[in-house]
Amino acid sequence: ELGLHSHFMQKEIYEQPKAIADTAEIFLDGGFIAENFGDDAPAIFKTINSIKILACGTSYYAALTGKYWLESIAKIRCDVEIASEYRYRDVIADDKELVITISQSGETLDTMEALKYAVAQGHTHSLSICNVMESALPRSSSLAIYTRAGAEIGVASTKAFTTQLVILFGLAVTLGRVRGHVSEADLERYADDLRQLPGSIQHALNLEPQLGVWAQKFAAKPSALFLGRGIHYPIALEGALKLKELTYIHAEAYPAGELKHGPLALVDENMPVVVIAPNDSLLDKVKANMQEVGARGGELFVLTDLDSDFTDTEGVHVIRTPRHIGVLSPIVHTIAVQLLSYHVALVRGTDVDKPRNLAKSVTVE
Ligand code: F6R
């Protein structure tokens, strides 16, 4: 089943161009139509005035990324919450709020209970984004859409995460179209972005040897810091989670602007700092944050794209994704953080497919 791959995780990382193309096809076929989300979606999408996304772990980070697209493309207010927190607090019911759950397995107990709680409090519209057909969450939701990732065996989520992102982007464009915020020209541009994406992912996979070299520098470190800003902050969170799960190295992620409000105290020559820094409107801000790290002797590992002007210097290592990918850039940068953690795990000899203490489907509280 593994073919030429050494682990399911590696195989699943390499399946991403196809999984993403298959998932993008949902939207490219027929042009971002609301019916992709269920028969009642056209009516519901016109009624709602806000979105609440509930999820756990990696799926929660997908939600945090999706919020940027939903607010900027569909112009709809979106809040994201960890399911296990939401279910235990007083919430304000709103029948014009669409409650979205995101779950690879569709069986995560906390996410399921959060959905039940939202409905019991008076939310009437729900949408499940899920990878497993007919699992508990899509069965309990008014609308459902499936990622086309195929079965994911590795405990650490890879292709499920990136295909969740594709669905969230497709949802933002669809909602934007239905609600009159996306023009025909925009629609064509977004469709083109989706068509280009599998090719960009393939290019990112070709960075594996360079990330393997970085991995040697991480393997003996006690901890690592991941930084990002804006829509790339959730990808920093995902990078830190993958490193923790796969290598047991302590890792944290911060929005880069928060550095000087505390975590800068951790930075010294022993602390590798991964910065996700594509050439977007926040690049100059990120560079200023990087100088704060460099001035304290921190070693910087910069993931960026072709258009930025970083150079490899003492204490600054640069890897470039091969093109500027624009609005879908978080998906492409995810590939690099997956491969980095995978290679650090190989150096450390940890069980890549079955990290200690973790289960694939968390059906207990
Ligand atoms: C991390 C990972 C977990 C899951 C989380 C939610 O790599 O896989 O954090 O994302 O347990 O699982 P699902 O998406 O099945 O609800």
message: Using the crude model of +1 on Lys and Arg Cβ and -1 on Asp and Glu Cβ, and no other charge, please compute the dipole size for segment 1-105 relative to its Cα centre, in debye to 20.
response: 320 debye
- request: Can you sort 190, 68, 88, 254 by 1.4 Å-probe accessible area, starting with the largest?
  value: 88, 68, 254, 190
- prompt: Rounded, prolate or oblate: which fits segment 174-287 when a ≥ b ≥ c are the square roots of the eigenvalues of the alpha-carbon gyration tensor, with rounded for a/c under 1.5 and prolate only if a/b beats b/c?
  reply: prolate
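May I ask for the equivalent-ellipsoid semi-axes of the chain, computed as the square root of five times each C-alpha gyration tensor eigenvalue and listed largest first in whole Å? Kindly include the intermediate steps, with their values, before the conclusion.
Values: eigenvalues 210, 98, 84 Å².
Equivalent ellipsoid of the chain: 32, 22, 21 Å, largest first.
Given 25 °C and 0.890 mPa s, compute D for segment 244-327 with the Stokes-Einstein relation, Rh being the Kirkwood radius over Cα pairs; round to the nearest whole µm²/s.
Details: Rh = 13.5 Å.
Answer, rounded: 182 µm²/s.
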message: Could you tell me the relative contact order of segment 120-162? Use alpha-carbon pairs under 8 Å, at least six residues apart, and round to a whole percent.
response: 33 percent
query: Mind listing the phi-derived Karplus ³J(HN,Hα) values for segment 255-260, rounded to whole Hz, using 6.51, -1.76 and 1.60 with θ = phi - 60°, and x for any glycine or proline?
result: x, 4, x, 7, 3, 6
Average accessible surface area per residue within the chain, 1.4 Å rolling probe, Å²: 39 Å²
field: Using alpha-carbon coordinates, inclination of helix 283-295 to the longest axis of the chain, degrees
entry: 40 degrees
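Determine, for each peptide in 289-295, 327-333, the mean count of other beta carbons within 10 angstrom over its residues, then list the peptides with the highest first. Intermediate results must be reported in sequence, preceding the final value.
On the way: 289-295: 17.1, 327-333: 23.6.
In decreasing order of mean packing, 289-295, 327-333 become 327-333, 289-295.
What net charge do the residues around residue 347 carry, taking every other residue with its C-beta under 13 Å from that of residue 347, with Lys and Arg at +1 and Asp and Glu at -1?
Details: positive: 217, 221, 348; negative: none.
Local net charge: +3.
Could the peptides 300-306, 203-209 be put in order, highest first, of the mean number of other beta-carbon atoms found within 10 Å of their residues? Could you put the intermediate results ahead of the total?
On the way: 300-306: 21.4, 203-209: 16.7.
Those peptides, ordered most packed to least, come out 300-306, 203-209.
Of the heavy-atom accessible surface of segment 100-163 (probe 1.4 angstrom), what whole percent is carbon and sulfur? The partial results should precede the final answer.
Working: 1090 of 2010 Å².
The nonpolar share, carbon plus sulfur, comes to 54 percent.
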query: Which whole-number percent is the relative contact order of the chain (Cα, under 8 Å, 6+ apart)?
result: 19 percent
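First obtain the Kirkwood hydrodynamic radius of segment 135-193 from its Cα pairs, then insert it into the Stokes-Einstein equation at 4 °C and 1.567 mPa s, and state the resulting D in µm² per second as a whole number.
Values: Rh = 13.4 Å.
Reported coefficient: 97 µm²/s.
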message: At 1.4 Å probe size, with the rest of the protein present, what percent of the exposed accessible area of segment 29-74 is carbon and sulfur atoms?
response: 48 percent
Candidate aspartates and glutamates for bridging to residue 360, where Cα separation is under 16 Å - those fewer than 8 sequence places away on the same chain excluded: 12, 107, 110, 152, 245, 351
statement: When the charge dipole of segment 187-330 is computed with +1 at the Cβ of Lys and Arg and -1 at the Cβ of Asp and Glu, the Cα pointing farthest to the positive end, of 322, 256, 308, is that of 256
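With N denoting the number of residues in segment 96-240, provide Rg(C-alpha) divided by 2.2 N^0.38 Å, to two decimal places.
Details: Rg = 18.3 Å, N = 145, 2.2 N^0.38 = 14.6 Å.
Here the Cα radius of gyration is 1.25 times the empirical estimate.
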query: Once the piece of chain linking residue 2 and residue 364 is laid out straight, how much longer is it, given 0.36 nm per residue of separation minus the C-alpha distance between them?
result: 127.4 nm
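Treat every Asp and Glu Cβ in the chain as -1 and every Lys and Arg Cβ as +1, leave all other atoms uncharged, and give the resulting dipole magnitude about the Cα centre to the nearest 20 debye. Display every interim value, and only then the final one.
Values: 33 positive and 46 negative charges, 60 e Å.
Dipole of the chain, to the nearest 20 debye: 280 debye.
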field: 10 Å beta-carbon shell around residue 267, net charge (K/R +1, D/E -1)
entry: -3
- prompt: Can you give the Rg and Dmax of segment 151-231 based on its C-alpha atoms, in angstrom?
  reply: 17.6, 53
message: If you count only protein heavy atoms and use a 1.4 Å probe, how large is the accessible surface of residue 184, to the nearest 10 Å²?
response: 140 Å²
task: Would you mind pulling out the separation of the Cα centroids of segment 300-353 and segment 276-293, in Å?
output: 15 Å
task: Rank these residues by their accessible area, most exposed first, probe 1.4 Å: 133, 112.
output: 133, 112
- request: Measure out, as a whole number of angstrom, how far apart the alpha-carbon centroids of segment 170-236 and segment 90-144 sit.
  value: 26 Å
statement: Everything considered on the Cα gyration tensor (a ≥ b ≥ c; rounded for a/c under 1.5, else prolate if a/b is larger than b/c, else oblate), segment 69-153 must be described as oblate
query: Considering only Cα-Cα distances, which of the following residue pairs are longer than 31 Å: 11/260; 221/354; 67/116?
result: 11/260
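Using only the alpha carbons of segment 295-365, what is the convex hull's orientation-averaged projected area in square nanometres? Let's see the in-between values first.
Numbers: hull surface 32.6 nm².
Approximately 8.2 nm², given one-decimal rounding.
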field: Angle between the chain longest axis and helix 184-205 axis [Cα atoms, degrees, rounded to 10]
entry: 40 degrees
- prompt: To the nearest 10 square angstrom, how much accessible area does residue 77 have with a 1.4 angstrom probe?
  reply: 130 Å²
- prompt: Pairing the Cα long axis of helix 57-72 with the longest principal axis of the chain, what angle in degrees results, from 0 to 90 and rounded to the nearest 10?
  reply: 70 degrees
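The values are calculated or read from the model by the stated rules, or taken from the named source; none is laboratory data. Here the structure is a predicted model, which means the values were calculated and not measured. Ideal geometry is used to build each Cβ from the backbone, glycine not excepted, and the neighbour counts take in all protein chains shown. Protein only, heavy atoms only, side chains kept; ligands, DNA and RNA dropped before computing areas. Shrake-Rupley method; radii C 1.70, N 1.55, O 1.52, S 1.80 Å.
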